[in-house]
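A short worksheet on the structure shown next.
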Amino acid sequence: MKTALILNGPNLNLLGTREPTVYGSQTLADVEKLCAQACASHGFALDFRQSNHEGQLVDWLHEAGRVHAAGTLAGVILNAGAYTHTSVALFDAIKGTGITLIELHISNVFAREAFRHHSYISPAAKAVMCGFGVNGYAMAVGGLAGMQTGA
Ligand code: CA2
């Protein structure tokens, strides 16, 4: 069984506690349950993580590269939060790993402030999705399933 690694960046631990009009009222624990159901239905093991620290996310992407090389990674779904718009380090970490990575945002970043319109992650991602609310996580797991080739 391959693993879907779902990484969440800064402030996403606050989901459901503030800004419900932008991010909804579900907590990150709720999102993890949603992802667990989606992974179970697609035959993936789930590894779900959150960090407020850029370097931790870089380390986890390196780890994903090693799991990919070992043949047991389905892919990574990354909501890098605000680091999406600032982090060359995350771009560099993804580039060259060979991992299948879906960039995900809960909100429609293009309907928001101009500084959210640019992503350092997108050029290194296989797919990008935004604006579906937290249901986007389950949809991204489905998308990852559709990208699998071979056994
Ligand atoms: O829409 C998304 O998923 C974002 O990645 C969320 C980031 C934001 O910087 C990106 O532009 C778009 C912010 C995550 C902050 O999450 C909070 C959740 C609840 C309360 C406060 C912050």
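Which one of G81, T21, G131 is farthest out on the positive end of the charge dipole of the chain, using unit charges on Cβ (Lys, Arg +1; Asp, Glu -1) and the Cα centre as origin?
Farthest along the dipole direction, towards plus: G131.
Taking the Cα centre as origin and putting +1 on Lys and Arg beta-carbons and -1 on Asp and Glu beta-carbons, what dipole magnitude results for the chain, to the nearest 20 debye? Don't skip to the answer; put the middle values down first.
Working: 9 positive and 10 negative charges, 44 e Å.
The calculation lands at about 200 debye.
When the Karplus curve 6.51 cos²θ - 1.76 cosθ + 1.60 is applied with θ = phi - 60°, which whole-Hz ³J(HN,Hα) does each residue of the range 81-87 get, with x for Gly and Pro?
x, 5, 5, 3, 8, 10, 9
Let me check I've understood the local charge: for M139, count other residues with C-beta under 15 angstrom from its C-beta, Lys and Arg +1, Asp and Glu -1. What total comes out?
Overall, the nearby charge balance is 0.
Taking the alpha-carbon set of the chain, what are its Rg and Dmax in Å?
14.3, 42
How far apart, in nanometres, would the label points at Q148 and A45 be if each is projected 7 angstrom from Cα along the Cα-to-Cβ direction?
Output for this residue pair reads 1.3 nm.
Which peptide among 59-72, 31-44 comes first, and what is the full order, when sorted by highest mean count of other Cβ atoms within 10 Å? The partial results should precede the final answer.
On the way: 59-72: 15.4, 31-44: 17.6.
Ranking the peptides 59-72, 31-44 by packing returns 31-44, 59-72.
With a 10 Å radius around each residue's Cβ, average the other Cβ atoms per peptide and rank 3-13, 92-102, 113-123, highest first.
Details: 3-13: 21.0, 92-102: 18.5, 113-123: 13.8.
My ranking of the peptides, most packed first, is 3-13, 92-102, 113-123.
Averaged over every viewing direction, what's the projected area of the C-alpha convex hull for the range 1-65? Give it in nm², one decimal, please. Mind showing how you got there, number by number?
Values: hull surface 19.1 nm².
The number I arrive at for the range 1-65 is 4.8 nm².
Taken together, the values in this text are just the output of simple stated rules run on the coordinates, not laboratory data. Keep in mind the model is a prediction, meaning the values are calculated, not measured. Because the Cβ atoms are built from the backbone with ideal geometry, glycine has one as well, and the counts that use them run over all protein chains shown.
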